[in-house]
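Structure first, commentary second.
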Amino acid sequence: MSTLHNVTYDDHIEVAIAKIVKTLESEYVLSNRSIALLLLQEDPDVTEMVKDKEKDITEILTIIEDTRKNYDKPLNYIVGTLRQRHVENINSKVVTKRNNASEMSISKLDSFTMHPFWGSIMLVMVLYFGLYKFVGQFGAGTVVDFIETNIFAEYINPFINNVINAHIPWGWLQDLIANDYGILTLGFRYAIAIVLPIVGAFFLVFSIIEDSGYLPRLSMLVDRLFKCIGLNGRAVIPMVLGFGCDTMATMVSRTLETKRERVLITLLLALTIPCSAQLGVIMALLSEEPLALLIWVAFMAFIFLFIGYLTSKVLPGEGAKFYMEVPPLRMPKLSNVLSKTYTRMHWYLVEIIPLFVFASVLIWLGNITGLFDVLLKWLNPVVNAIGLPDELSQVFLFGFFRRDYGAAGLFDMRQSGLLNYRQLVVAASTLTLFVPCVAQFAMMIKERGAKTAFAMGAFIFVFSFAAGYVLNVMLTTFGVLA
Amino acid sequence: MKCNYCGFEFDEQELLKSCKSCPMSKACNKMKCPNCGYQILKEPKTILLLKKWVNKIGFRSK
């Protein structure tokens, strides 16, 4: 038999409900008490409906405002918490829980993940073992090294070059398919030998984190920090997805409540969040020298907080509220993890190969028409100003076509011993901050409008080189990584 | 189907109906949780086939 449960809230809310109920004159499908509660929770649809039906709602708005003054948290959060307490009370009377050892340890771990101190320690551990050790050292180091050196450089590329140069008499066609910038020798090599193993390792770690239920806990953990930059824990969704692909994450930013938050997150994604391949390649490049990696992480975190804080001060509007129900922490299931990793790799390969081929064709076209040389000549002085050699201009140009394509180019350059660690940190930082790739830029135009997207693009272009310049001057002055 | 982020359970088929109005729905392999907006990738056909096959074998052995 079902029983109707009337939740009794605290005195302030009950008094406010009684006052609002008295003021309501029209008929509603829901009870007047429910309408009053929804008004107190600032439900936009109900507020709109009451505005239409009632003659004057000034008194109601005053009651809501007066009630709000009694709490330091939003009213919808207070109502939600009181309701949850009521449910827990009923639950404790009818459910008996058997506490076994594994459940106890999971519940302990659960409380640690959201604790400001222990949660931060756990986050550092997840990043260290998941990203640094597994993606950076194993995926991007051991696996890429094996595929690149032992398979592509030894067998595949020489074979393709020999066959193409022997059977195709036209130089321009030979260069399109093989040699230095060919579709097969550059585009496919970047996609299969460099980017795919790194992205595969990243997706495996990401799937484990996702399947364990850690992401919502991360939202709760960073909520306070994100509030300093005008965002809240909900922004973890596009942020985390941005570490996979920033284009997809820009699209997801529409789930944020206010326009201010959406603009903020779009800028931070375009400026400071590297995509999976870029992150993996940077991890691989810098993990040989922990100090270099530490400088890159600290610099990016500083830029993220600094730009976020400044932008939140410049953009008008209030920060949005955030609370969510946290699902239980669970042991990741192997079948789920493998299936998710495969699904992501499949999606990535299907998307990346045509784009890498297209980028190779564009580069080939740029080379034979001489357009690339002109663009590179413009970029060279800027790149030199931040202490990097001419060859890096090409990496920045590639990076605009596709972020990971640029990162793979940087990886290639490091392998040939062209850069020292100081230059590598400056290049990695500037490339991370540099203008988003074509796909992300197109998404920014679609989501935020052409004016905002172009303004962001122009700001990012200038800011990335300015930040790279400052970093280079600081490292040179203090003799770090000399 | 369960959202990987918030744990919200929803009917995949119901959600796909709402995707039909999108011009990119045919080529798109993503779904968005109706509760939190987290993007979930649709399982590729190979995985679905593999799951079907494993289930069949599981039933036979019982």
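Return a whole-number percent for the relative contact order of chain B, with Cα pairs under 8 Å and 6 or more residues apart as the contact set.
Averaging sequence separation for qualifying contacts and normalising by length gives 26 percent for chain B.
According to a simple spin-label model (label point 7 Å from Cα along Cα-to-Cβ), what is the distance in nm between A:Lys313 and A:Val326?
So the label points at A:Val326 and A:Lys313 sit 3.2 nm apart.
Taking the simple approach of a point 7 Å from Cα along Cα-to-Cβ for both A:Val87 and A:Asp110, what is their distance in nm?
Taking the two extended label points, one gets 1.3 nm.
List A:Tyr128, A:Tyr214 from most exposed to least, where exposure is judged by having the fewest other Cβ atoms within 10 Å.
Going from least to most buried by this count: A:Tyr128, A:Tyr214.
HN-Hα J couplings of the stretch A:155-164 from phi, Karplus 6.51/-1.76/1.60, θ = phi - 60°, integer Hz, Gly and Pro as x?
10, 5, 4, x, 5, 4, 4, 4, 5, 5
Hey, any idea what Rg/Rh is for the stretch A:416-461, computing Rh the Kirkwood way over Cα pairs?
Checking Rg against Rh, the ratio lands at 1.18.
For the protein assembly as shown, give the magnitude of the charge dipole about the Cα centre (Cβ charges: +1 Lys/Arg, -1 Asp/Glu; no others), in debye to the nearest 20.
Magnitude of the dipole: close to 1200 debye.
So which trypsin sites (Lys or Arg not before Pro) in the stretch A:54-106 are both in a DSSP loop and have at most 16 other Cβ atoms within 10 Å of their Cβ?
Counting only loop positions with at most 16 other Cβ atoms within 10 Å, the trypsin sites (Lys or Arg not before Pro) in the stretch A:54-106 are A:Lys55, A:Lys69, A:Lys97, A:Arg98.
Full-extension gain between A:Asp56 and A:Ala153, please, as 0.36 nm times their residue separation minus the C-alpha to C-alpha distance.
27.2 nm
Any idea what the alpha-carbon Rg over 2.2 N^0.38 Å comes to for chain A?
For chain A, the normalised Cα radius of gyration comes out at 1.18.
Among A:Val438, A:Val383, which comes first, second and so on when ranked by fewest other beta-carbon atoms within 10 Å?
Ascending number of Cβ neighbours within 10 Å: A:Val438, A:Val383.
Taking the dipole about the Cα centre of chain A, with the C-beta of Lys and Arg at +1 and of Asp and Glu at -1, give me whichever of A:Gln278, A:Leu24, A:Val195 is farthest to the positive side.
Farthest towards the positive end: A:Leu24.
May I ask for the distance between the Cα centers of the stretch A:360-388 and the stretch A:302-346, given as a whole number of Å?
Value for the Cα centre distance between the two parts: 36 Å.
Considering Cα pairs under 8 angstrom that are at least six residues apart, work out the relative contact order of the stretch A:184-243 and quote it in whole percent.
Relative CO of the stretch A:184-243 lands at 19 percent.
Restricting to DSSP H runs of at least four residues, report the calculated mean residue ellipticity at 222 nm for the protein assembly as shown, -39500 (n - 2.57) per run over all residues, nearest 500 deg cm²/dmol.
Rounded to the nearest 500, it is -21000 deg cm²/dmol.
Taking every residue in A:341-349, how many Cβ atoms of other protein chains lie within 10 Å of its Cβ, on average?
Per residue, the number of nearby Cβ atoms from other chains is 3 on average.
Tell me which residues come under 5 Å, amide H to amide H, from B:Ile40 once H is placed; ignore anything under 5 positions away on its chain.
Those lying under 5 Å, H to H, from B:Ile40 are B:Met31, B:Lys32, B:Cys33.
Could you bin all the Cα-Cα distances of chain B into 5 Å bins starting at 0 and give me the percent of pairs in each, rounded to whole numbers?
4, 15, 21, 20, 17, 12, 7, 4, 1, 0
Can you give the angle from 0 to 90° between the axis of helix A:403-415 and the longest principal axis of chain A, with both taken from C-alpha atoms, to the nearest 10?
In chain A, helix A:403-415 runs at an angle near 50 degrees to the longest axis.
Could you tell me how many degrees, from 0 to 90 and to the nearest 10, lie between the Cα long axis of helix A:421-433 and the main elongation axis, the longest principal axis, of the Cα atoms of chain A?
That works out to roughly 50 degrees.
I'd like to know which of A:Asn6, A:Leu431, A:Ala442 lies farthest towards the positive end of the charge dipole of chain A, counting +1 on Cβ of Lys and Arg and -1 on Cβ of Asp and Glu.
Toward the positive end, the furthest listed residue is A:Asn6.
Using Cβ counts within 10 Å as a stand-in for footprinting exposure, how do A:Asp180, A:Asp404, A:Asp43 rank, fewest first?
By the 10 Å Cβ count, ascending, the order reads A:Asp180, A:Asp43, A:Asp404.
Using the crude model of +1 on Lys and Arg Cβ and -1 on Asp and Glu Cβ, and no other charge, please compute the dipole size for the stretch A:250-366 relative to its Cα centre, in debye to 20.
That gives the stretch A:250-366 a dipole magnitude of about 400 debye.
I need the semi-axes of the equivalent ellipsoid of the stretch A:191-345: take the C-alpha gyration tensor, multiply each eigenvalue by 5, square-root it, list largest first in whole angstrom.
27, 21, 14
Quick one: what are the phi-derived ³J(HN,Hα) couplings along the stretch A:244-258, Karplus 6.51/-1.76/1.60 with θ = phi - 60°, whole Hz, x for glycine and proline?
x, 8, 5, 5, 5, 5, 4, 5, 5, 4, 5, 6, 6, 5, 10
Taking R0 as 22 Å, what FRET efficiency do you get between A:Asn420 and A:Phe138 from their Cβ-Cβ distance, rounded to the nearest 0.05?
That gives a FRET efficiency of 0.35.
For chain A, calculate the relative contact order in percent as a whole number, restricting contacts to Cα pairs under 8 Å that are 6 or more residues apart.
Answer for chain A is 15 percent.
Given springs between every Cα pair under 10 Å in a Gaussian network model of chain B, which of B:Leu49, B:Leu16, B:Leu41 has the largest fluctuation?
Per the Cα network of chain B with a 10 Å cutoff, B:Leu49 tops the list.
A short reminder: the numbers here are calculations on the coordinates, not readings from a lab. What you see is a predicted model, and the numbers here were worked out from it, not measured in a lab. Cβ atoms come from the backbone with ideal geometry, glycine included; neighbour counts cover every protein chain shown.
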